[in-house]
Structure formats: C-alpha cells, structure tokens
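Beneath this line is the structure, given in structure tokens, with notes to follow.
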Amino acid sequence: MPFRRSRFSDVVSRQLDLFVEEHAELVRECEELLARYDAAGRDEAEELYGDYVDAVETGTEALADMRDAYARTLAPADAEQYEAVFQRAVEKRLRPFALELGDR
C-alpha cells in the first residue's frame, strides 16, 4: 500500500509555518536557552533550565491554542485525526514543544 498523506498535512504544515514566522523570536530564544543550559556549570544550570522550560511552555500554549481553534471547526472524528497529524508534525519540526502538547 503506498504512503498516503493525511488530508490535514497541508493545513498543519501551513499552520506550523505561520507559528515559526510569528514566534521566531521565541523559537530562537528556546534554542539559545537550551544551548546556554548545556554549556552551564552546575551553579547556573538549574535557573537556566527553568528559563528554558518557561519559554517552551509559552510556545506549547501557543501551538495548543492554534490546534484547538482549528479542531473546533471539525467534526469530532476529523478533529481527532487532525490533532494526531498536528502532534506528529510538531514532533518532527518543533520537537521541544511536542512533549507537553499532547497533554493540553
């Protein structure tokens, strides 16, 4: 059976493009905070990790809001499929935000 793209793949891709564009500073901040945490000594690491987690949470909330707003426009079965496609796309493209996304 050939690989078949979900009917939601294109909309999710466009949504993530928009997220990256609108939240470019936040995405960059998360990358920088993680790099600083990785390079930090023991004394600084805990605070830097907390800053990183806070930034990731902000991005996760924005993604969840985007996902939920669109899902509300769909029938329940379609919304479930869309949410699964959205989650997989975030896991591939914006991995730091994916971990908590499924819990929101």
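We did not get these values from a lab; they are worked out from the coordinates using the rules stated. Here the structure is a predicted model, which means the values were calculated and not measured. For neighbour counting, all protein chains shown are included, and Cβ atoms are generated from backbone atoms with ideal geometry for every residue, glycine included.
Residues Y70, Y52, Y82: which one is farther than 25 Å from F8 by Cα, out of contact with any His (no Cβ under 7 Å at 6 or more places or on another chain), among the aromatic types (F, W, Y) and part of a helix (DSSP H, G or I)? Break it down stepwise before answering.
Values: Y70 fails: farther than 25 Å from F8 by Cα; Y82 fails: farther than 25 Å from F8 by Cα.
None of the others qualify; the one that does is Y52.
Among the residues of the stretch 37-48, is there at least one that is closer than 14 Å to F8 by Cβ and either touching a Phe, Trp or Tyr at 6+ places or on another chain (Cβ under 8 Å) or without any contact (Cβ under 8 Å) to a residue 60 or more places away in the chain (or both)? There is no residue in the stretch 37-48 that is closer than 14 Å to F8 by Cβ and either touching a Phe, Trp or Tyr at 6+ places or on another chain (Cβ under 8 Å) or without any contact (Cβ under 8 Å) to a residue 60 or more places away in the chain (or both).
Filtering the stretch 85-98 to residues that are without any contact (Cβ under 8 Å) to a residue 12 or more places away in the chain and over 8 Å from the mean Cα position of the chain (by Cα) leaves R88, K92.
Hey, among the residues in the stretch 14-49 that are among the small types (G, A, S) and assigned to a helix (DSSP H, G or I), which one's surrounded by the most Cβ atoms within 10 Å (Cβ to Cβ)?
We begin by selecting, within the stretch 14-49, every residue among the small types (G, A, S); these are 24, 35, 39-41, 45.
Next, from what is left, pick out any that are assigned to a helix (DSSP H, G or I): 24, 35, 39, 45.
Values: A24: 10, A35: 12, A39: 10, A45: 14.
Looking at residues that are among the small types (G, A, S) and assigned to a helix (DSSP H, G or I), I get A45.
Hey, does the stretch 79-102 have a residue that's surrounded by fewer than 11 Cβ atoms within 10 Å (Cβ to Cβ) and not basic (K, R)? For the stretch 79-102, residues surrounded by fewer than 11 Cβ atoms within 10 Å (Cβ to Cβ) and not basic (K, R): absent. For A55, are the conditions met, namely being of a type in the set (A, V, I, L, M, F, W, C), surrounded by fewer than 17 Cβ atoms within 10 Å (Cβ to Cβ) and within 20 Å of C30 (Cα to Cα)? Taking the combined requirement at face value, the residue does not satisfy it.
Of all the residues that make up the stretch 52-66, how many are of a type in the set (D, E, K, R) and touching a residue at least 40 places away in the same chain (Cβ under 8 Å)? Before you say what the answer is, go through the steps one by one.
Of all residues in the stretch 52-66, those of a type in the set (D, E, K, R) come to 54, 57, 61, 65.
Narrowing further to those that are touching a residue at least 40 places away in the same chain (Cβ under 8 Å): 57, 61.
Number satisfying all stated conditions: 2.
If I filter the stretch 60-82 for residues that are of a type outside the set (F, W, Y), touching a Ser or Thr at 6+ places or on another chain (Cβ under 9 Å) and farther than 14 Å from F97 by Cα, do I get at least one hit? Scanning the stretch 60-82 turns up at least one residue that is of a type outside the set (F, W, Y), touching a Ser or Thr at 6+ places or on another chain (Cβ under 9 Å) and farther than 14 Å from F97 by Cα.
How many residues does the stretch 53-104 contain that are among the hydrophobic types (A, V, I, L, M, F, W, C) and within 16 Å of D17 (Cα to Cα)? Working first, answer last.
Residues of the stretch 53-104 that are among the hydrophobic types (A, V, I, L, M, F, W, C), as a first pass: 53, 55-56, 62-64, 66, 69, 71, 74-75, 77, 79, 84-86, 89-90, 94, 97-99, 101.
Pick out the ones that are also within 16 Å of D17 (Cα to Cα) and you get 62-64, 66, 85-86, 89-90, 94, 97-98.
Selection size over the stretch 53-104: 11.
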